[in-house]
Amino acid sequence: MDVPKEQITALLDNALFNSAQLLGSFLVSSSTVNAETSPHLKAENLVLLGDALFREREYRRAIHTYKQALQYYKIIPKQNSTSSRSALSASNRSSSPNSFNICAINENEVKFKIASCHFALSENKVALVEMEGIPSKARNLQMSLLMAKLYRNTKHTRGAVTCYRECLRQCPYVIEAIIALAELGASAKDIISLFPQTPNRGGRAQLDHGDSSRWLQRYVEAQCCIASNDYKGGLELLAELLQRFPNNTHILLEMAKVEAIIGKNDEAIMNFEKVRSIDPYVVTYMDEYAMLLKMKSDYSKLNKLVHDLLSIDPTRPEVFVALSVLWERKDERGALSYAEKSIKIDERHIPGYLMKGNLLLALKRPESAVMAFRGAQELRADLRSYQGLVHSYLAFSKVKEALYAAREAMKAMPQSAKALKLVGDVHASNSGGREKAKKFYESALRLEPGYLGAALALAELHVIEGRNGDAVSLLERYLKDWADDSLHVKLAQVFAATNMLQDSLSHYQSALRINPQNEAAKKGLERLEKQMKGVDPDAPEEEEENEVDDADAEQEEAELL
């Protein structure tokens, strides 16, 4: 043979994929290999070339090459093709056939490689067709995991659950299978029952049920709590795991993600920053961190974060969501295009849908925003997608639909003060429901006394109904324990409405001392200064500025929620 097959195998094993690809072109075109008399050699050579192309991410070429290999495989005489049981894979390749007409390739392995190429190209349905051509008994752990992902991506939930379960039967440490099963509704008990408990001949990973493996069971319980919206329970279990595995970036990221969902923004930011101090090249969940920085108006850190992410991997969906967050203040339409790009890269990237929904809401396109938030909910219903749905429906006066979404949130999260507040927001949207809204806000505060969003909403309700004194008392009571800029802004607005301009000025200044980037405080102060000079802030020539005031107030409320 002109080109020794073991040479291309050596190149592949040493990760010299470009050289392997170039050498492979010589291998498959060699005149010494006759396709008619030696189809088994031709098939093997083509698979080796396909492997090189796959590792070079030339997926279309790899698919074409693998399919050519299968065509030659099919013309090998039956008696010879059935005599081989070896698989040609990266870890176990046969450099040459044992006899002249015995093929060393495994048809199922090649089908798996074709499916892997289609999966990399986001062609899930085509990949699934290839995988379904592999008998279930012939599937190894890697194949079962790919099948599970494909079934899930194509919304075949039952098939996905079956395949993820099979993964854990083979190896209890497939963490992504644990997370997926939790998100698909499996209980912790059900997942743990899948773990192999006794030695077997198949070489499957076993779970030691002593203290050394108890952490894995705790991890399963944590993920199931989070998936069922028991965020408090999930955080407690993750904190317990963190004591055993200090500085574990995965646990810290999971904690930060949950804290971001439930509005524990300061704690989430602290954990995200800890992760970046341990590993500055982490991209996972960094778009969530970007959203928090924007809410805190910390644009210097946000700029640095986006710059860092672009230098790490500009192809990840998290990077485009972070870009969307950064651009929102400058160009909402440009920001929207970045959010849509993140979804195009990964159709299952939830922050992309949330960001898209919030931007569409800001652009006065609530009907489209509903579709975006629904997209997030289909992937995983959490508090933020419910909040987005409620505000979107209210924006185009679909009160009945908003109330239904809010009640769904309350049903899914019965111990969540934020879900109770959502129902209150719907009732507060019309004058006849304000008394009900008041009760829901008060219930939310009883459940979570430190929930400033409910306190601010209740204060706003007091103001609407002319109870300015009650609003001031409530807000001042909270200021004793929480030095928060949003509380100062709301107090300043109440004082300004009752013509107590000096008190209003003091609170706007306090808000800006806490957060110099607070846009609502800046606009409010500008308006107040006109009032103090005797200029009517509502004069016609200032109409455009007043509209910006209203938009800022809406944005502030959305951030608090």
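The values are calculated or read from the model by the stated rules, or taken from the named source; none is laboratory data. The shown structure was predicted, so the numbers you read here are calculated from the model rather than taken from an experiment. Cβ atoms come from the backbone with ideal geometry, glycine included; neighbour counts cover every protein chain shown. SASA here: full protein model, heavy atoms, side chains in, ligands and nucleic acids out. Shrake-Rupley method; radii C 1.70, N 1.55, O 1.52, S 1.80 Å.
Filter the range 404-431 for residues that are within 23 Å of the chain's Cα centre (by Cα) and not in a helix (DSSP H, G or I) and give the result. Selection gives Met413, Ser416. Taken as a whole, the range 480-489 holds no residue that is in a helix (DSSP H, G or I) and free of Cβ contacts under 8 Å to residues at least 12 places away in the same chain. Count of the range 365-379 residues, restricted to those that are open to solvent by 50 Å² or more (accessible area, probe 1.4 Å) and touching a residue at least 24 places away in the same chain (Cβ under 8 Å), is 1.
Check Ser99, Ser86, Ser31, Ser91 and return the single one that is of a type outside the set (D, E, K, R), crowded, with 16+ Cβ neighbours inside 10 Å, in a loop (DSSP other than H, G, I, E, B) and at pLDDT below 85. Steps first, please.
Numbers: Ser99 fails: crowded, with 16+ Cβ neighbours inside 10 Å; Ser31 fails: crowded, with 16+ Cβ neighbours inside 10 Å; Ser91 fails: crowded, with 16+ Cβ neighbours inside 10 Å.
After ruling out the rest, the residue left standing is Ser86.
Pairing each residue of the range 8-20 that is assigned by the TED database to the domain that holds Ser30 with any residue that is open to solvent by 60 Å² or more (accessible area, probe 1.4 Å) and not in a helix (DSSP H, G or I), provided the two are 6+ apart or on different chains, yields C-beta distances under 6 Å for Phe17/Glu56.
Selection over the range 329-347 of residues that are at pLDDT below 95 and surrounded by 18 or more Cβ atoms within 10 Å (Cβ to Cβ) gives a count of 0. Of all the numbered requirements in (1) modelled with pLDDT under 85; (2) part of a loop (DSSP other than H, G, I, E, B), Pro516 misses one, and that requirement is (1). When residues in the range 59-77 are screened for being open to solvent by 60 Å² or more (accessible area, probe 1.4 Å) and under 35 Å from the mean Cα position of the chain (by Cα), 4 of them pass. Exactly one residue out of Arg434, Arg446, Arg477 is modelled with pLDDT under 90, of a type in the set (D, E, K, R) and part of a helix (DSSP H, G or I), and it is Arg477.
The residue of the range 283-298 that is nearest to Glu519 (Cα to Cα), among those that are surrounded by fewer than 20 Cβ atoms within 10 Å (Cβ to Cβ) and of a type in the set (A, V, I, L, M), is Met295. Condition first: out of contact with any Ser or Thr (no Cβ under 9 Å at 6 or more places or on another chain) and touching a residue at least 24 places away in the same chain (Cβ under 8 Å). Now tell me which residues in the range 145-155 satisfy that. Once the filter is applied, which keeps residues that are out of contact with any Ser or Thr (no Cβ under 9 Å at 6 or more places or on another chain) and touching a residue at least 24 places away in the same chain (Cβ under 8 Å), the range 145-155 yields Leu145, Lys149, Leu150, Arg152, Thr154.
Residue check: Leu238 meets all listed conditions (1) in contact (Cβ under 8 Å) with a residue 60 or more places away in the chain; (2) farther than 25 Å from Ser311 by Cα but one, namely (1).
Tallying residues that are modelled with pLDDT under 90 and surrounded by fewer than 21 Cβ atoms within 10 Å (Cβ to Cβ) within the range 416-431 yields 2.
In this structure, is Gly388 assigned to a helix (DSSP H, G or I), of a type in the set (Gly, Ala, Ser), open to solvent by less than 20 Å² (accessible area, probe 1.4 Å) and not assigned by the TED database to the domain that holds Leu292?
Values: assigned to a helix (DSSP H, G or I): yes; of a type in the set (Gly, Ala, Ser): yes; open to solvent by less than 20 Å² (accessible area, probe 1.4 Å): yes; not assigned by the TED database to the domain that holds Leu292: yes.
Considered against the rule, which asks whether it is assigned to a helix (DSSP H, G or I), of a type in the set (Gly, Ala, Ser), open to solvent by less than 20 Å² (accessible area, probe 1.4 Å) and not assigned by the TED database to the domain that holds Leu292, Gly388 comes out as yes.
Cβ-Cβ contacts under 6 Å between residues 6 or more apart (or on different chains), taken from a first residue in the range 527-548 that is closer than 17 Å to Ser506 by Cβ and modelled with pLDDT of 70 or more to a second residue that is part of a loop (DSSP other than H, G, I, E, B) and open to solvent by 60 Å² or more (accessible area, probe 1.4 Å), are absent.
May I ask you to say which residue of Gly524, Gly469 is under 28 Å from Leu363 (Cβ atoms), part of a helix (DSSP H, G or I) and modelled with pLDDT of 85 or more?
Working: Gly469 fails: under 28 Å from Leu363 (Cβ atoms).
Unique residue meeting the criteria: Gly524.
A single entry from Val258, Val275 fulfils the requirement of being crowded, with 19+ Cβ neighbours inside 10 Å, among the hydrophobic types (A, V, I, L, M, F, W, C) and within 18 Å of Pro351 (Cα to Cα): Val258.
Is it the case, given these coordinates, that Leu305 is farther than 30 Å from Lys232 by Cβ, within 18 Å of the chain's Cα centre (by Cα) and among the aliphatic types (A, V, I, L, M)? So Leu305 does not fit the description; no.
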